[in-house]
Amino acid sequence: MSILSLIQCSKKIISSFFVKIRVIRGMKIAIINGPNLNLLGKREPDVYGNLSFDVYFKQLQDLFPAVTFTYFQSNVEGELINELQSVGFDFDGIVLNPGGYTHTSVAIGDAIAAIKTPVVEVHISNVHAREDFRKISHVSAKVSGSIIGLGLRGYELAVRWFIEKK
C-alpha cells in the first residue's frame, strides 16, 4: 500500500470518527428503574451488589460524556408508565429495568408498544435462574432487546448498543 493510500485511508477513518462523535453528542438516553431499585447497594448485596445506582449513574455519565442521560426511578407502576410516555417520543433510547413489574405488568408492556423510542430491558440478576414466576415477562416481547444477569454492566452494554445503532 502506498503512502498516499494510507493517508487517504486515515482521513476516512478520522472523518468517520468525528461524524460518530457528533452523532453521539446529540444522543439522549433515559434510564428508568422500577420498584426496589432505589435500594441498590443495600438490598440483597449478594444478588445486586454493593453499589448504589446514584454512584453507578455518575460512573455511566463519566464513561459516556457525550451522551445526555436522564434518570428516573419509581416504585409505582403508573409513574413508570407516565415516564415511558414522557420520554418515548423524543429520546434516542430508553434503558428500562422494570424490576418486579416485568412479571406482572401488562400495562408497562403496552406502554412500551405505544411509544416510538427503542427500549432495551435490563435486569441486574439472572431472572431465569431465580424463582419460576420471574421467568414470565410482559415486557420482553415489546423491547428491542434484553440484557439479563450481567449486573450493573447491563446498563453500559445497553447504552453501547444505542450508540452503535445510531
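The values are calculated or read from the model by the stated rules, or taken from the named source; none is laboratory data. Given the structure is predicted, the values throughout are model-derived calculations rather than measurements. Glycine gets a Cβ as well: all are built from the backbone with ideal geometry, and neighbour counts include every protein chain shown.
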Filtered residues of region 134-157 (kept if assigned to a helix (DSSP H, G or I) and closer than 16 Å to L40 by Cβ): R153, G154, Y155, E156
Flag if E83 is touching a helix residue (DSSP H, G or I) at 6+ places or on another chain (Cβ under 8 Å), surrounded by 14 or more Cβ atoms within 10 Å (Cβ to Cβ), of a type in the set (D, E) and modelled with pLDDT of 95 or more: no
Evaluation of D110 against (1) under 28 Å from F64 (Cα atoms); (2) at pLDDT 95 or above (one fails), failing number: (1)
Cβ-Cβ under 8 Å pairs, at least 6 apart or on other chains, region 22-50 side touching a residue at least 60 places away in the same chain (Cβ under 8 Å), far side of a type in the set (D, E) and in a helix (DSSP H, G or I): A30/E83; I32/E83
Residue among V122, V127 that alone is touching a Ser or Thr at 6+ places or on another chain (Cβ under 9 Å), within 19 Å of R43 (Cβ to Cβ), crowded, with 18+ Cβ neighbours inside 10 Å and modelled with pLDDT under 95: V127
Residue among D92, D110 that is touching a strand residue (DSSP E or B) at 6+ places or on another chain (Cβ under 7 Å) and over 27 Å from G41 (Cβ atoms): D92
Positions within region 74-122 being among the hydroxyl-bearing types (S, T, Y), within 22 Å of I136 (Cβ to Cβ) and not in a helix (DSSP H, G or I), in sequence order: S74, T104, S105
Out of L157, L96, sole residue that is in contact (Cβ under 8 Å) with a residue 40 or more places away in the chain and among the hydrophobic types (A, V, I, L, M, F, W, C): L96
